[in-house]
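This is the structure, below, for whatever I ask next.
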Amino acid sequence: MQPSGIFNKIGYHTKTHLRNRLTAMYCIADFVLHLFVTVDDALAQNRNKDPRAHLWPSEIVTLGILYAIKGRSQTAFWRWAKANLTDFFPRLPDRTRLFRLLTKYQALADAFMATDAPLGFTDSFGIELIHPRREGRSKRQIGKKVKSNHRWIVGIKYAALVNARGRICDWDAEGANTYDGDFQRQWRYWEGICSPLYADSGFHRGTKRGGDLAFLVICKRGENNLRMLIESLFSVLVTVLHLKKVSNRTWPSLEARLTFVSAAYNLLLLWSEELSFQARRHVGIAEIACI
């Protein structure tokens with residue numbers, strides 16, 4: 001049977017490209033609408049907007065989470081947003097203004113962080129900012145040089161506190177040469193909420209450094225393999241959200257990205273569980289985040 005309509009005049013590969021393009025457009029529309037509704041419901045108490053502003057707070061957070069999911073540079077994301085999101089955000093600001101807004105409103109994304117952690121796990125991994133050959137060329141460099149996964153990087157270290165369901169409860173970031181045990185200063189606020197908190201031997205602090213937290217359990221190699229849950233988290237952050245190497249060059253911008261990445265991961269994990277239950281099969285985060 002011969003194809004009909006406009007497809008009579010184009011080749012097979014062009015037809016396939018058009019069909020894939022149309023499917024992607026519908027996927028993006030459904031994804032953005034569902035994400036905005038979820039964000040707007042979560043930020044019901046923060047719906048005040050300056051009369052001069054072009055975007056509502058929930059729209060800014062939605063764009064921040066989309067930026068985290070795309071995992072590209074600021075310029076590449078802004079170009080993608082201008083090409084695909086103008087129907088949803090007709091008054092999308094310029095690139096520099098947009099990312100200043102993301103930095104300003106990043107605290108609103110904390111609404112998607114998990115608050116319950118009767119059982120917790122913590123670990124850290126390195127994020128590369130610049131190539132080691134470029135170290136020291138800028139006086140405003142924020143990355144530190146260290147060996148991570150058997151290779152030298154100049155960047156930061158991201159540490160996460162995850163509950164037993166795999167959701168991120170809290171996170172912290174310091175220079176890549178920071179000792180893991182120093183992250184205990186951030187986790188001390190979880191005493192009485194998260195007990196116990198499992199970590200590897202790298203988080204152990206000697207008595208001269210103040211000792212370990214009372215609820216921190218240091219595990220030797222091979223002990224308590226439930227800690228692999230946080231390794232699954234880091235795998236998603238690297239392969240799906242492209243967090244292994246980022247282009248942010250200032251701490252406010254980098255902290256905003258990490259905040260939105262943490263919120264995006266929790267949302268994607270929640271949707272993965274809901275879709276897996278409805279479809280009666282496992283729906284991975286990578287399937288949902290392919291926009």
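Taken together, the values in this text are just the output of simple stated rules run on the coordinates, not laboratory data. Model, not experiment: these values are computed from the prediction. Reconstructed Cβ throughout: ideal geometry from the backbone, glycine too, with neighbour counts over all protein chains shown.
Evaluate the charge dipole of region 141-186 about its Cα centre and quote only its size in Debye, nearest 20, assuming +1 on the Cβ of each Lys and Arg and -1 on the Cβ of each Asp and Glu. Could the numbers behind the result be given before it?
Numbers: 8 positive and 5 negative charges, 45 e Å.
With only Lys, Arg, Asp and Glu charged at Cβ, the dipole is about 220 debye.
Below 12 angstrom from the Cβ of L33, what's the summed charge of the other residues (Lys, Arg +1; Asp, Glu -1)?
Numbers: positive: none; negative: D30, D40, D87.
That works out to -3.
If you take the Cα Rg of region 78-231 and divide it by 2.2 N^0.38 Å, with N the number of residues, what do you get? Mind dumping the intermediate values first?
Numbers: Rg = 18.9 Å, N = 154, 2.2 N^0.38 = 14.9 Å.
So the Cα radius of gyration is 1.27 times the expected 2.2 N^0.38 Å.
Could you tell me which GluC sites (Glu not before Pro) in region 211-291 are loop residues by DSSP with no more than 13 other beta carbons within 10 angstrom of their beta carbon? All intermediate terms of the calculation are to be shown ahead of the outcome.
Details: sites: E223, E231, E255, E273, E274, E287; in loops: E223.
Here the sparse-neighbourhood loop sites are E223.
Relative to the longest principal axis of the C-alpha atoms of the chain, give the angle of the C-alpha long axis of helix 228-239, reported between 0 and 90° and rounded to the nearest 10°.
Tilt of helix 228-239: around 40 degrees.
Starting from region 195-291, pick out the trypsin sites (Lys or Arg not before Pro) whose DSSP state is loop and whose Cβ has at most 11 other Cβ atoms within 10 Å. Could the numbers behind the result be given before it?
On the way: sites: R205, K208, R209, K220, R221, R227, K244, K245, R249, R257, R280, R281; in loops: R205, K220, R221, K244, R249, R280, R281.
Hits after loop and neighbour filter: K220, R221, R280, R281.
Given the DSSP H assignment, sum -39500 (n - 2.57) over each helix run of at least 4 residues in the chain and divide by its residue total; what's the result at 222 nm in deg cm²/dmol, nearest 500?
Details: 8 runs with 115 residues, N = 291.
Calculated from helices alone, the mean residue ellipticity at 222 nm is -13000 deg cm²/dmol.
Return the inverse of the average 1/r over all pairs of distinct C-alpha atoms in region 16-140, which is the Kirkwood hydrodynamic radius, in Å to one decimal. Don't skip to the answer; put the middle values down first.
Details: mean 1/r = 0.0582 Å⁻¹.
In region 16-140 this quantity evaluates to 17.2 Å.
Which of rounded, prolate, oblate describes region 160-291, given a ≥ b ≥ c as roots of the alpha-carbon gyration tensor eigenvalues and a/c under 1.5 marking rounded, otherwise prolate only if a/b is larger than b/c?
Details: a/c = 2.20, a/b = 1.41, b/c = 1.56.
It comes out oblate by the Cα gyration axes.
Count charges around S201 for me, please; just the other residues with Cβ under 12 Å from its Cβ, Lys/Arg as +1, Asp/Glu as -1. Numbers along the way, then the final one.
Details: positive: R205, K220, R221, R227; negative: D123, D180, D200, D212, E223.
Computed value for this residue: -1.
Round to the nearest 0.05 the FRET efficiency obtained for K49 and D110 when R0 = 22 Å and r is the Cβ-Cβ distance.
Numbers: r = 19 Å, r/R0 = 0.88.
The pair K49/D110 has a calculated efficiency of 0.70.
Still on this model: Put a dot 7 Å past each Cα toward the Cβ at W80 and S195; how far apart are the dots in nm?
Spacing of the two 7 Å Cα→Cβ label points: 4.4 nm.
Using bins 5 angstrom wide from zero, how does P(r) for region 162-218 break down, in % of all Cα pairs?
All Cα pairs considered, the percentages come to 4, 17, 30, 29, 15, 5, 1.
Could you order the peptides 258-271, 99-112, 42-55 from most to least packed, using the average number of other C-beta atoms within 10 Å per residue?
Numbers: 258-271: 22.8, 99-112: 18.7, 42-55: 11.9.
In decreasing order of mean packing, 258-271, 99-112, 42-55 become 258-271, 99-112, 42-55.
For H282 paired with C27, estimate the spin-label separation in nm (one decimal), with each label point 7 Å from Cα along the Cα-to-Cβ line.
Result for the modelled spin labels: 2.0 nm.
Here's a follow-up. Can you figure out the FRET efficiency of Y179 with R95, using R₀ = 41 Å and their beta-carbon distance, to the nearest 0.05?
Values: r = 37 Å, r/R0 = 0.90.
Calculated transfer efficiency: 0.65.
Which three extents, in whole angstrom, do the alpha-carbon atoms of region 180-247 cover along their principal axes, largest first?
38, 29, 23
Provide the net charge surrounding L213, with neighbours chosen by a C-beta distance below 11 Å and charges set as Lys +1, Arg +1, Asp -1, Glu -1. Working shown, then result.
Values: positive: R185, R188, R205; negative: E191, D212.
Neighbour charge sum, excluding L213 itself: +1.
Can you give the three extents of the C-alpha atoms in region 135-197 along their principal axes, from longest to shortest, in whole Å?
44, 23, 18
Rg and Dmax of region 43-98, using alpha carbons, in Å: what are they?
Rg and Dmax of region 43-98, Cα atoms, are 11.5, 32 Å.
Tell me the angle of helix 95-104 to the major Cα principal axis of the chain, expressed in degrees between 0 and 90 and rounded to the nearest ten.
Long axis of 95-104 versus the principal axis of the chain: about 40 degrees.
Using only Cα atoms, tell me the angle between helix 74-84 and the longest principal axis of the chain; keep it within 0 to 90° and round to the nearest 10.
So the inclination is approximately 30 degrees.
Here's another thing I want to ask about it. If you take all C-alpha pairs in the chain, what percent of them are over 24 Å apart?
On the way: 24202 of 42195 pairs.
Result for the distance tail: 57 percent.
Could you name the lysines whose alpha carbon sits less than 20 Å from that of K49, not counting residues in the same chain fewer than 8 places away?
K104
When only Cα pairs under 8 Å and 6 or more residues apart are kept, what is the percent relative contact order across the chain?
In percent, rounded to a whole number, it is 20.
Which of rounded, prolate, oblate describes region 74-140, given a ≥ b ≥ c as roots of the alpha-carbon gyration tensor eigenvalues and a/c under 1.5 marking rounded, otherwise prolate only if a/b is larger than b/c? If you can, show how the numbers build up before the last one.
Numbers: a/c = 2.38, a/b = 1.12, b/c = 2.12.
Here region 74-140 falls in the oblate category.
If you don't mind, there's one more thing I want to ask. I'd like to know which of L275, T259, A199 lies farthest towards the positive end of the charge dipole of the chain, counting +1 on Cβ of Lys and Arg and -1 on Cβ of Asp and Glu.
It is T259, whose Cα lies furthest towards the positive end.
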